[in-house]
């Protein structure tokens, strides 16, 4: 392969990777669409959802049990003691950047805390709350 062809191939691959990059706002838009016509995400509802005690687990009654109420600060898993990086994308730019990670963690955490998978509306509200730095 010639140097020009290699350079072109690398450029195309780099462009493809950038085109696949996702942002927190992309996920809000995705879940808003899935929630249905007329739905508008709300950071206030996201905050209420995040701090609500669902009663599924005595150790993890709410999302804030592990993540703390300050989305800009690190939390700690109440069972394993593992440090959890901040949820707010402004404090942790790695948050809400890939579908694989977002789906994995929302599914796991919703099942553990809420006792079921979260609805698209709940996901959109929560991520909107996180984008706003936990302010609502």
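Residues 102, 78, arranged from fewest to most other Cβ atoms within 10 angstrom of their Cβ, appear as 78, 102.
Starting from the eigenvalues of the Cα gyration tensor, five times each then square-rooted, give me the equivalent ellipsoid semi-axes of the stretch 80-128, largest first, whole Å.
18, 15, 10
Which whole number of Å³ per residue matches the convex hull of the alpha-carbon atoms in the stretch 21-131?
Cα-based convex hull of the stretch 21-131, divided per residue, equals 90 Å³.
Counted by neighbouring Cβ atoms within 10 Å, the residues 94, 132 run from fewest to most as 94, 132. Put the Cα centre of the stretch 38-53 next to the Cα centre of the stretch 83-136 and the gap is 12 Å.
Here, each number is a calculation from the coordinates, and none is a lab measurement. Since this is a predicted model, take the numbers as computed values, not measurements. A quick note on method: Cβ atoms are made from the backbone with ideal geometry, for glycine too, and the neighbour counts reach across all protein chains shown.
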